[in-house]
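Heads up, the thing below is written out as structure tokens.
Read-outs throughout are calculated quantities, based only on the coordinates presented, and are distinct from any laboratory measurement. Given the structure is predicted, the values throughout are model-derived calculations rather than measurements. Note: ideal-geometry Cβ built from the backbone for every residue, glycine included; neighbour counts use all protein chains shown.
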Amino acid sequence: MASIVSETVPKFTAEALKSAAKQSERCHIVPLRLRRAIKKYLREQEELHMKRKVLRLSESFSQIKEVNLMLPTSTSKELVEDPLKSVECSQRWKIKSAYGDIGLKYREDETVAYVASRMPAVYSALYRVLSEVRRRLPGFSPAKVLDFGAGTGSAFWALREVWPRSLNRINLVEPSQSMQRAGQSLIKGLKNLPLIQSYGSIQALSQDVKKSDRQHDLVIASYVLGEIPSLKDRITVVRQLWELTGDVLVLVEPGTPQGSNIISQMRSHILWMEKRRSRKLEDASGKECKALTTLKNGAYIVAPCPHDGRCPLDNTGKYCHFVQRLQRTTSQRAYKRSKGEPLRGFEDEKFCFIAFRRGQRPRQVVHQEYNMPLVKEPWPLDGMKFETLKEQHARRNPEDLEIDYEDQFISEDEDVQDEDPISYDSDVTETDAITENDDWEEEGEETAHANLGSGWGRIIYNPLRRGKRVEMDICRSMDREGTEGSFDRIVITKSKNPTLHHQARRSVWGDLWPF
């Protein structure tokens, strides 16, 4: 092996680093049970002029994008932190335009078009995001979930794939009745469902649920904030969602400059709000309770940011987003239009996201019996010494000279750009009846987890592979506390560090980097 690991950090072997850093999903295949549910739903609907309906839905999304473009692309610090500072106290945080009152109404024809064309892609992005939350928080198993802007239930399907056995109750907030009906139709016939309750607004949920039961382990708002064309109202909605969050809040938006801007604004506001709240509680509680107060309050970012400081991409002209490739379903291939060319068997769903968690970012290993800090968590490469290529050649054995040709090139299934996936065999052979066992199985445990004590950077955009060097754009933390970050281009060469070069060659957009 090309690395020598100190006994103080035995879990950080080269293979463990590779496993922990891998957060991306290759070309995702929509689960058979969801594909069957979509086909069954579409067979029950009026499919006349379906391509025209899908085109109109796409045009409606473009109109929403144009509305967002009219908002300022960059906002002042004061506006993001306290957008209603100038408003009278009696009116503070009262939303003027709720989700569902503005933006896209989602009538019956738009809902059918959404299920046929957009639902598989939205599901795939949410599966990618929630899978990373599970990897970064291995002990987190949400039982009670709130899905704001639930639509046809894309997040529910992703939740069932990622945490199939922990879900007890899911509250859905969706003002469109046609969307609610579609979501209910899609899950018809599934076994072992959690308790599902639908509401038309956050206010309706708050009135129906006791105050002591309003906290949710996980709150999700996906592809919805962009449909609220008002910064003040968006922040008001996110504040309400944060108050309903007991542990983790996940926000997902389209991977556009406008979607990234929305996520960046919400990121700034929640971090600012919790820092202000923590300072007030510390001042009120006194020095004796300061440590306890700090542990119970605050917020930090689980993903994608490796730090809680100001975004280093602000005012750079670049924006943080990711991509999830998925194999197109038969309905997508049937109803999506192409510009005079055969429709590809896959599509790339670009998205932006952020996952917050209540509390303080982990910084120390604590003794379980005495609740005392023992040692600061190591950064991923602390204690590791990598051999140079010259040192490897000096110590290799004769049998090492045998060439493994598969290791000399990146295999086709690792090339995220050029692969054209095969079509679904199951789409051809599946029957009307769903006969498969509907029990969801947990994925196997990862061999290593990327801890949240900083030290792990994020690969933004595709790495550039040029001969024996790899160039990567990395967003990373500047300190162990994760209070400040930077955006840098790093170069890994094979001659200086063959082990990291080997890992860099196989890293893709969205993976973590151990620096």
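Karplus-based coupling profile of the range 125-130, in residue order and whole Hz: 5, 5, 4, 4, 5, 5, with θ = phi - 60° in 6.51 cos²θ - 1.76 cosθ + 1.60 and x standing for Gly or Pro. Computed from the C-beta positions of residue 32 and residue 318 and an R0 of 45 Å, the FRET efficiency is 0.75 to the nearest 0.05.
Under a model in which nothing but the beta-carbon of Lys, Arg (+1) and Asp, Glu (-1) is charged, the range 218-259 shows a dipole of about 120 debye around its Cα centre. Got a sec? Which residues in the range 124-154 would a label at residue 192 touch, if it sits 7 Å along Cα→Cβ and we count backbone N under 16 Å? It comes to 142-143, nothing else.
Once each part is reduced to its C-alpha centroid, what is the distance from the range 140-181 to the range 210-260 in angstrom? A separation of 14 Å, based on Cα centres. ³J(HN,Hα) across the range 241-246 via Karplus (A = 6.51, B = -1.76, C = 1.60, θ = phi - 60°), whole Hz, x for Gly/Pro? Going residue by residue, I get 5, 5, 5, 8, 9, x Hz, with x marking Gly and Pro. With θ taken as phi - 60° and the Karplus curve 6.51 cos²θ - 1.76 cosθ + 1.60 applied, the whole-hertz 3J(HN,Hα) list for the range 263-268 is 4, 4, 5, 5, 4, 4 Hz, x standing for glycine and proline. Residue ranges 149-158, 184-193 sort as 149-158, 184-193 when ordered by packing (mean number of other C-beta atoms within 10 Å per residue, highest first). Each Lys and Arg adds +1 at its Cβ and each Asp and Glu adds -1 at its Cβ; summed about the Cα centre, the range 128-255 shows a dipole of about 340 debye. Applying 1/(1 + (r/R0)^6) with R0 = 51 Å to the Cβ-Cβ distance of residue 19 and residue 272 gives a FRET efficiency near 0.90.
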